[in-house]
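Heads up: the structure comes next, in structure tokens.
The values are calculated or read from the model by the stated rules, or taken from the named source; none is laboratory data. Just so it is clear, the model here is predicted, and its values are computed rather than measured. Don't worry about glycine lacking a Cβ; one is built from the backbone with ideal geometry, like all the others, and counts go over all protein chains shown. Note: accessible area is taken over every heavy atom of the protein model, side chains too, but ligands, DNA and RNA are not part of it. Shrake-Rupley method; radii C 1.70, N 1.55, O 1.52, S 1.80 Å.
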Amino acid sequence: MDRQSQTPAYDISPANVTEKVIASFVMKTPRQQQLLNSLVGHLHSFARENQLTHAEWAEAIGFLFRCGEISSDKRDEFMLLSDVLGLSSLVDMTDAPQGATEGSVLGPFYASDSPQVPLGGDLRPTADGTGQLVLGRVVDVDGAPVPGAAIDMWQTAENGLYATQDDAVPDNAFRCKMRCADDGTFSFTTVLPGPYMVPDDGPVGELLRAGGRTAWRPAHFHFLVMAPGHRSVTTEIFVAGDRYLGSDAVFGVRKSLIVAAEQKDGRPVIDLTFRLARNDVPLAAE
Ligand code: BEZ
Ligand code: FE
């Protein structure tokens, strides 16, 4: 007999296999046990409700195998799968503090070694022309400035390429780390980013094509906004009017994250406010 069932552990049937698999796991914490039980239950329900055939099951396993095969330290096909299935966005939205700026996907182009740029810096490789001014401030959920705030920002150029993808520009262009002023403000000059496609030359691309879906993402700036004592937010700012706002391949667009470039004193300006929630969970003592 196994721990929960009235039948011997080897006596497996369609009617009892789910409970036997669940009973076979003894996880270290109640939360792990809850997640594992739920995962097994939902997976088995999926197979039962759809009367999954052996061929369909094998195709799905093959798909996951190919996601693993194409993944490397530079490419995470499982993350991309989570993104195009809307799972990344769902968790961004459900595990979010009240009143804070909404989160959005991190994406694969984040590089932690962006240059530290002073307030007001220019992120373009050559400072020709007017440039897009981005002004912003970091406040708490009540609107008060947050001392010690900092941002990490990365974006494509107008051609839809991140600097690391474009041999024509230095790797450090169009990205920065910046410490905000004491009143939480920051500013930099850049260009408006362009739309681009998520990597679609792997199994996830096949899935998108099979489903008649587009790989395009609307133009966006990525921001990681942080401050001592506050929960960091990883988010994106989208440019109003982009043709792909309603069909983002990774479901990252939120209404509150769409901004328009406005003309102020003869130059285009984007004005941003990021709201951070206090991090009330005390850090474990080391
Ligand atoms: C990006 O915005 O960089 C991105 C996000 C998710 C998947 C692929 C790319
Ligand atoms: Fe991106």
Query - Residue that is farthest from Gly160 (Cα to Cα) [pool: residues in the stretch 52-78 that are open to solvent by less than 60 Å² (accessible area, probe 1.4 Å) and within 16 Å of ligand 1 (Cβ to nearest atom)] - result: Cys67
Report summary line: Residue set Leu81, Leu85; condition more than 16 Å from ligand 2 (Cβ to nearest atom), out of contact with any strand residue (DSSP E or B) (no Cβ under 9 Å at 6 or more places or on another chain) and open to solvent by less than 50 Å² (accessible area, probe 1.4 Å); output residue Leu81
Query - Odd one out for Pro170 among (1) in contact with a helix residue (DSSP H, G or I) (Cβ under 9 Å, 6 or more places away or on another chain); (2) away from ligand 2 (no atom under 16 Å from the Cβ); (3) not in a loop (DSSP other than H, G, I, E, B) - result: (3)
Query raised in the report: Are any of the residues in the stretch 224-234 in the same structural domain as Arg267 (by TED's automatic domain parsing), polar (S, T, N, Q) and not in a loop (DSSP other than H, G, I, E, B)?
Result: yes
Requested in this report: Starting from the stretch 188-216, keep only residues that are without any contact (Cβ under 8 Å) to a residue 40 or more places away in the chain, then list their pairs with residues that are more than 15 Å from ligand 2 (Cβ to nearest atom) and aliphatic (A, V, I, L, M) whose Cβ atoms are within a distance under 7 Å, requiring at least 6 positions of separation or different chains.
Outcome: Asp200/Leu208; Ala215/Leu208
Query raised in the report: Just wondering, is there one or more residues in the stretch 20-29 that are in contact with a Ser or Thr (Cβ under 9 Å, 6 or more places away or on another chain), farther than 30 Å from Phe109 by Cα, of a type in the set (Lys, Arg) and open to solvent by 80 Å² or more (accessible area, probe 1.4 Å)?
Result: no
Query raised in the report: When the stretch 195-215 is examined, which residues are found to be farther than 30 Å from Val138 by Cβ and outside any loop (DSSP other than H, G, I, E, B)?
Result: Met197, Pro203, Val204, Gly205, Glu206, Leu207, Leu208, Arg209, Ala210
Query raised in the report: Looking at Met178, is it within 16 Å of ligand 1 (Cβ to nearest atom), open to solvent by less than 70 Å² (accessible area, probe 1.4 Å), modelled with pLDDT of 95 or more and in a strand (DSSP E or B)?
Result: no
Query raised in the report: Within the stretch 200-236, can you find the residues that are within 16 Å of ligand 2 (Cβ to nearest atom), open to solvent by 20 Å² or more (accessible area, probe 1.4 Å) and under 15 Å from the mean Cα position of the chain (by Cα)?
Result: Leu224, Thr234
Report task. Taking the options Val141, Val146, Val117, name whichever one is closer than 22 Å to Thr273 by Cβ, assigned by TED's automatic domain parsing to the domain that holds Asp92, in contact with a Lys or Arg (Cβ under 6 Å, 6 or more places away or on another chain) and more than 15 Å from ligand 1 (Cβ to nearest atom). Result -> Val141
